[in-house]
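Comments concern the structure below.
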Amino acid sequence: MSKIVIEPVTRIEGHLKIETVVEGGVVKEARSSGNLFRGLELILRGRDPRDAQIIAQRICGVCPQSHGVAAALSLDSALGISDKIPNNARIIRNLIQGAHVAQDHVLHFYHLAALDYVDVTDVAKYEGKDSALNSVKDFIARGELGPFVPRYEGDYRLPPEVNQQAVAHYIDALEIRRLGHEMVSMFSGKIPHSVGIVPGGVTATPTVDMITSFLWKLRRLQDFINNVYIPDVLAVASAYPDYCEIGVGCRNLLSYGAYDLEGDKPDYTVRKRLFSQGVTSADLKPGKLDISKVTESVKHSWYEGSSSGKHPAQGETKPEYGKDGAYSWVKAPRYDGKVYEVGPLARVAVTYAYGDPTMKKLVDWALAELKAPPSALFSVMGRHLARALSAKFIADNLEKWLLELKPGEPTFIEYTIPEEGTGAGLTEGSRGALGHWIEIKNCKIANYQCVVPTTWNASPRDDNGNPGPMEQAITGTKVKDKNNPFEIVRIVRSFDPCLACAIH
């Protein structure tokens, strides 16, 4: 029996440690530890409620727009205006969040995860005129391999020409990310930490010029997703069919749904959304979302035990570093007492389970391309595939929403801050189900609680000793070399963890 400690896990956001116990080359136990307390929930206390969507975005510089939307939704709810937001504002929020999430998925695959499967050093053999590849070739010749190394060395299987093409696409994806950021900034003012999303709506007023410019950039993003991103994911998945069975995890999936298609219902759990709200499992049958079933355990987290098992609306943030039995600053969210995974896989699978015809066609086509059964979705490659399909699903709908904007119509509704009030904002960040809960007393924030996607996925054991989703996905993995555990980091990165978000 031996122990593998990976600290820090690189090519993710934040400070993550993974510890595993390995026996006979198989992981018998895994622990996921978040190592940096931040305290944004405490910082928000006592402030003007309108500060929430600004400060909450500082939870993460990678996905601030999603936190801005969640905060605005929670404030809309607490202010009693969630069903009165103008259509232009609802659409612009979708455009801001959707453009950001689509480019974020491109970022994850090319700049964070693909390097686990692509051998950059193979470009040294390249003979051609591609300027990007020749630049990388020159770096290799000079021994300047950053940011591609240091890394664990994997079992690289892509054919040389596909491998070299993937490196070129790494460079191309940087331009696509810039393009995505420009799209976000057109309606949100800037990125990161935008000022465009506010309670009551948005600050931008759409014009014909803005719509035309956004559409031109969107077409380029769509082209990259359709003709580069998805084919590259399929190529990697085809070369690594065993990773369609590795990293399975808990098989329980949860989605809050995202991108409102209507705004006339104050209850976000029943509002019509592009991605469906609900739960599903290995049978891919739909289950209704009941937000009252969400709780957070802290027995193995560095927080006072009195807050354990509470719904986020009554949640507390009371740090207790060094608590006996605890090993992470991440809490342990649970749904109906069970472990649930969130993320692109969850929202794609839940939307598929609810029978959305476009999503069903996309998923069935992709699985047919890989000659894989639906069970392959519950895996490392299944998560990467779902992320790519999620990007396409969003990007295709961005065009539809854009053309629904009506220049000259309102994008904001006036409101009054109540003496007391409560609200919840539910949406989907890039990495999964995102919820913000606010309590207002004396016109100030009395309590603010966030349950963030990676809080679900990177959670430690709960009060009943059940490991979190990533811990379960790692357990049972075969590791060839304990000094080069590339199998483990491939599983971790398939979740695209963000520890800044998880701990907030």
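The values are calculated or read from the model by the stated rules, or taken from the named source; none is laboratory data. Everything numeric in this text was worked out from a predicted model, so none of it was measured. Cβ sites come from the backbone with ideal geometry, for glycine too, and all protein chains shown count toward neighbours. In case anyone asks, the SASA skips ligands and DNA or RNA and just uses the protein heavy atoms, side chains included. Shrake-Rupley method; radii C 1.70, N 1.55, O 1.52, S 1.80 Å.
Using the basic label-point model (7 angstrom from Cα toward the beta carbon), what is the VAL149 to GLU409 distance in nanometres?
A separation of 5.7 nm, rounded to one decimal place.
Which residues does the label zone of SER2 cover in the stretch 455-482, counting backbone N under 13 Å from a point 7 Å along Cα→Cβ?
Those under the cut-off are 479-482.
Taking H placed 1.01 Å from N in the peptide plane, check which residues at least 5 places from GLY309 or on another chain put their amide H under 5 Å from its amide H.
GLU296, SER297, VAL298
Expected output is a single nm value to one decimal: the length gained when fully extending between THR10 and ASP336, i.e. 0.36 nm times separation in residues minus the C-alpha distance. What is it?
114.1 nm
I want to check the label-to-label distance for ILE43 and LYS28. Put each point 7 Å from Cα in the C-beta direction and report it in nm to one decimal.
Inter-label distance under the simple model: 4.3 nm.
What residues qualify as long-range amide H neighbours of TYR340, i.e. H under 5 Å apart, gap of 5 or more or another chain, H built at 1.01 Å from N?
Distant-sequence amide H within range of TYR340: TYR335.
For the stretch 397-408, take each phi angle, set θ = phi - 60°, evaluate the Karplus expression 6.51 cos²θ - 1.76 cosθ + 1.60, and give the result in whole Hz per residue in order, putting x for glycine and proline.
Result, rounded to whole Hz: 7, 4, 5, 4, 5, 4, 7, 8, 4, 10, x, x.
Is the stretch 190-299 rounded, prolate or oblate when judged by the Cα gyration tensor, a ≥ b ≥ c being the square roots of its eigenvalues, rounded requiring a/c under 1.5 and prolate requiring a/b larger than b/c?
The shape class here is oblate.
By a straight-distance test (C-alpha under 19 Å), which aspartates and glutamates pair with LYS318 as possible cross-link partners, with residues fewer than eight away in the same chain excluded?
Within reach: GLU41, GLU296, GLU304, GLU439, ASP462, ASP463.
Using a/c under 1.5 as the rounded threshold, could you call the chain rounded, prolate or oblate? The axes a ≥ b ≥ c are square roots of the C-alpha gyration tensor eigenvalues, and prolate needs a/b larger than b/c, oblate otherwise.
oblate
Under the classification rounded if a/c is under 1.5, otherwise prolate if a/b is larger than b/c and oblate if not, where does the stretch 56-186 fall, given a ≥ b ≥ c as square roots of the Cα gyration tensor eigenvalues?
Prolate, since a/c reaches 1.5 and a/b exceeds b/c.
FRET efficiency for HIS111 and GLU419, Cβ-Cβ distance as r, R0 = 41 Å, nearest 0.05?
About 0.30, to the nearest 0.05.
Provide SER131, SER306 ordered by accessible surface of protein heavy atoms (probe 1.4 Å), highest first.
The most accessible residue leads, giving SER131, SER306.
If packing is taken as the mean number of other Cβ atoms within 10 Å per residue, what is the order of 320-326, 175-181, 224-230, highest first?
224-230, 175-181, 320-326
With +1 on the Cβ of every Lys and Arg and -1 on the Cβ of every Asp and Glu, and nothing else charged, how large is the dipole of the chain about its Cα centre, in debye rounded to the nearest 20?
Details: 58 positive and 60 negative charges, 59 e Å.
Around 280 debye, computed over the chain.
Lysines near LYS323 by alpha-carbon distance under 26 Å, same-chain residues fewer than 8 away left out - which ones?
LYS3, LYS17, LYS28, LYS299, LYS310, LYS331, LYS338
Could you rank THR10, THR20, THR416 by how accessible they are, 1.4 Å probe, largest area first?
Details: THR10 70, THR20 0, THR416 110 Å².
The residues order as THR416, THR10, THR20, largest area first.
At a probe size of 1.4 Å, how large is the accessible area of ASP83, to the nearest 10 Å²?
Counting only protein heavy atoms, the figure is 60 Å².
Tell me, what % of the accessible area of the chain is carbon and sulfur with a 1.4 angstrom probe?
It is 51 percent, rounded to a whole number.
Residues with amide H under 5 Å of SER301's amide H, sequence separation 5 or more or different chain, H placed in the peptide plane at 1.01 Å from N; which?
It is TYR327, by chain and number.
Check cross-link reach from LYS361 to the lysines: straight Cα distance under 19 Å, and skip same-chain residues fewer than eight apart.
The reachable lysines, counting only those whose Cα sits under 19 Å from LYS361, are LYS285, LYS371, LYS392, LYS400.
From the protein chains alone at 1.4 Å, what is the descending order of accessible area for TRP365, TRP302, largest first?
Values: TRP365 110, TRP302 30 Å².
From most accessible down to least: TRP365, TRP302.
Quick one: accessible area per residue over the chain, 1.4 Å probe, rounded to a whole number of Å²?
Per-residue value: 37 Å².
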